[in-house]
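J.: Shown below is the structure under consideration.
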């Protein structure tokens, strides 16, 4: 009986942990910084997915505390895929780094 109870508990715990795991899809684009205001940069998208080429996007630079970005820098921006249809577009920034 103890063995059965232990097995049920382990199975339940494993099922709970599996159900709580969140998988985040990541999207990205390459763009050029046009303006910086505080920790936010206005980036003109040069290459990207989801059909946003040529658009201006607000990017949160505070997700990268190691680099200092300047106007004119080309950057690779990772985001969660959601795009807020404003002018400029807004995203949830996951990463920012210099483009090669």
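J.: Under a crude label model (7 Å from the Cα following the beta-carbon direction), how far is residue 46 from residue 95 in nanometres?
T.: Each label point lies 7 Å from its Cα, and together they span 1.9 nm.
J.: Still on this model: Over the range 27-98, what is the mean sequence separation of C-alpha contacts under 8 Å (at least six apart), divided by residue count, expressed as relative contact order in percent?
T.: 33 percent
J.: Give the calculated FRET efficiency between residue 39 and residue 76 to the nearest 0.05, with a Förster radius of 25 Å applied to their Cβ-Cβ distance.
T.: 0.90
J.: Just to be sure I follow: if Rg is taken over the C-alpha atoms of the range 27-98 and Rh is the Kirkwood radius over the same atoms, what is Rg/Rh?
T.: Working: Rg = 10.6 Å, Rh = 11.7 Å.
In the range 27-98, Rg relative to Rh is 0.91.
Read-outs throughout are calculated quantities, based only on the coordinates presented, and are distinct from any laboratory measurement. As the structure is a computational prediction, the values presented were derived from the model and not from experiment. All Cβ positions, even for glycine, are placed from backbone atoms using ideal geometry, and neighbour counts span all protein chains on display.
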